[in-house]
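Reviewing the structure listed below.
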Amino acid sequence: MLPETRSQDAAAEDETPVAPAADPRKCLGADCDKDAGALQCPTCLKLGVKDSFFCSQECFQRNWAEHKAVHKALQVKAKTQNGPYNPFPKFFFSGSVLPVYPLSPRREVPKSIKHPDWAVTGIPRKEMRLHKTKIEILDAAAQDAMRKVCRYAREVLDIVAAEARPGVTTDYLDEICHKACVERESYPSPLNYHNFPKSVCTSVNEIVCHGIPDQRVLLDGDILNLDISLYHGGYHADVNETYYIGDRAKADPESVRIIETTREALNQAIAIIKPGTPFRDIGKVVEKYAKSQKCTVIPTWGGHGINTEFHPPPWIAHYAKNKVVGMCKPGMTFTIEPILTLGSAREVAWPDNWTNATADGKRTAQFEHTMLVTETGVEVLTARLPDSPGGPIPMPTVAN
């Protein structure tokens, strides 16, 4: 493809039309109503298009800027028709996980279901206008609404997790999630949030968070985080877990260590939640346990408030010595969602503007619950059910 910095005339001169034998037809020049001659675009010929005729070299040169857009569209179409492909072939990926495109078309949510304000524009305008330190206290009716939407979120997570196995694509899991949300008259909160293209985040192995579901097939030995959020009755819920994909993952001591350490770090953080607990103490508990198991907290990402908005205050840090202000009060709802890794906390961002991976390619895990602070302690609104898929496993015994 010709560099955009070159002039249209110079580019078109390099693309001098060739003259295969053909019957005259209408010229493809947008500003031309003449019959075409035997001159045809050579790039189109290379791409397999055999009817891109122009009346003259001058007309072709004049219409080059518009016509070359056809080449880009044809190249994308060719990639799609030729099967899965990596959209960022020149990017250095830190681990084994690569994007597999094309992405499936955006899934629709019926208009009868209440949409958040970013559903059309991609911009959460109300959320962006919130006061950064004002934390909402929910009344009894709002608390019941949060219980309902969080119950739905748990149901959807369990439905999707039950389908997570070797041989299925993350796009298939997105389809399952989307359908389950719609069946509950709920909008999948991530869909078009800051232009995120899917209904669930699927983060595999070294992917820290915000993995975009695509055509990659899950392999025996992978670990997978499913991050489910949905919007129902004017309120949001947020929950995620990391799952073992196949028996190989459960037999891998390192995968078990990172998953079970992260699970327990969240449990220990939840255990201290009650009225009066400083928000900063949550990170102290998480990091202390992570270090005891030789795991590292990724500090970039934290928990957050959640109610009628997706990410209102407060911010919940998962590392020690943070300076988060404020304390838990009855009626507050927020998430705790630590991300731990086996290696360095340094990250790299993929060119898709969403996916984050560990820079050293080491595996990560994340767990998240939405919580309500009560008068005496905490209610975990997204708690696991007795029949929820996944769950903790013991560390495997490794022979010398």
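Please work out, to two decimal places, the log10 of the ratio I(q)/I(0) at q = 0.08, 0.14 Å⁻¹ from a Debye calculation in which every Cα of the chain carries one identical scatterer.
-0.52, -1.16
Rounded to whole Å, give me the distance from the Cα center of the range 130-156 to that of the range 364-392.
When both Cα centres are located, 14 Å separates them.
Figure the gain on full extension for residue 254 and residue 393 (residue separation times 0.36 nm, minus the Cα-Cα span) and round it to one decimal in nm. Write down the numbers at each step before the final one.
Working: separation 139, 0.36 × 139 = 50.04 nm, distance 1.29 nm.
48.7 nm is the gain from fully extending residue 254 to residue 393.
Would you look at the GNM of the chain, springs on alpha carbons closer than 10 Å, and say which of 386, 99, 278 moves the most?
386
Which whole-percent values make up P(r) of the range 171-215 when all C-alpha to C-alpha distances are grouped in 5 Å steps starting at zero?
Binned Cα distances yield the sequence 5, 24, 29, 24, 13, 3, 1.
Check cross-link reach from residue 291 to the aspartates and glutamates: straight Cα distance under 13 Å, and skip same-chain residues fewer than eight apart.
The qualifying aspartates and glutamates are 264.
Using a 7 Å offset from the Cα along the Cα-to-Cβ direction at both residue 25 and residue 127, what is the distance between the two label points in nm, to one decimal?
It works out to 4.9 nm between the two label points.
Would you mind putting 165-175, 84-94, 225-235 in packing order, based on average other-beta-carbon counts within 10 Å, highest first? Let's see the in-between values first.
Numbers: 165-175: 18.4, 84-94: 12.7, 225-235: 24.0.
Highest mean packing first, the order is 225-235, 165-175, 84-94.
Indicate the helices, whole DSSP H runs only, in the chain that combine a mean Kyte-Doolittle hydropathy of 0.0 or more with a Cα extent along their long axis of 30 angstrom or more. Please report the intermediate quantities before stating the final value.
Values: long enough: 140-161 (31 Å, 0.15).
Long hydrophobic helices here: 140-161.
Is there a pair in 198/321; 294/321; 114/274; 179/329 whose C-alpha atoms are over 26 Å apart, and which pairs would that be?
Values: 198/321 35 Å; 294/321 18 Å; 114/274 33 Å; 179/329 36 Å.
Among 198/321; 294/321; 114/274; 179/329, the Cα-Cα distance tops 26 Å for 198/321; 114/274; 179/329.
Report ³J(HN,Hα) in whole Hz for each residue of the range 340-352, in order, from the Karplus equation J = 6.51 cos²θ - 1.76 cosθ + 1.60 where θ = phi - 60°; Gly and Pro get x.
Working through the residues one at a time gives 10, 9, 7, x, 6, 7, 5, 10, 10, 9, 6, x, 6 Hz.
With only Lys, Arg, Asp and Glu charged, each at its Cβ (+1 for the first two, -1 for the last two), find how big the charge dipole of the range 294-400 is about the Cα centre; round to the nearest 20 debye.
On the way: 8 positive and 9 negative charges, 96 e Å.
Dipole about the Cα centre, nearest 20: 460 debye.
About its Cα centre, how strong a charge dipole does the chain have in debye, to the nearest 20, once Lys and Arg get +1 and Asp and Glu get -1 at the Cβ? Walk me through the numbers before you get to the answer.
Working: 47 positive and 49 negative charges, 172 e Å.
It works out to roughly 820 debye.
Could you please report the charge total around residue 197, scoring K, R as +1 and D, E as -1 over all other residues with beta-carbon less than 14 angstrom from its beta-carbon? Before the final figure, lay out the partial values.
Working: positive: 106, 107, 198; negative: 108, 171, 174, 175, 214, 352.
Once all neighbours under 14 Å are counted, the net charge is -3.
For the modelled label position 7 Å from the Cα of residue 385 along Cα-to-Cβ, which residues of the range 143-158 have backbone nitrogen atoms closer than 15 Å?
Correct set: 148-158.
Evaluate the distance, in nm, between pseudo-label points positioned 7 Å from the Cα of residue 360 and of residue 98 along their respective Cα→Cβ axes.
2.5 nm
Please give the per residue volume of the convex hull enclosing the alpha carbon atoms of the range 216-374, rounded to a whole number of Å³.
128 Å³
Provide the packing ranking of 116-127, 55-66, i.e. peptides ordered by the mean count of other C-beta atoms within 10 Å per residue, highest first. Mind dumping the intermediate values first?
Values: 116-127: 15.0, 55-66: 18.2.
Sorting 116-127, 55-66 by mean packing, highest first, produces 55-66, 116-127.
Bear in mind that the values in this text are calculations on the coordinates, not laboratory data. Note that the structure is a prediction, hence the values are computed from the model and not measured. Glycine also receives a Cβ, built like all others from the backbone with ideal geometry; neighbour counts cover every protein chain displayed.
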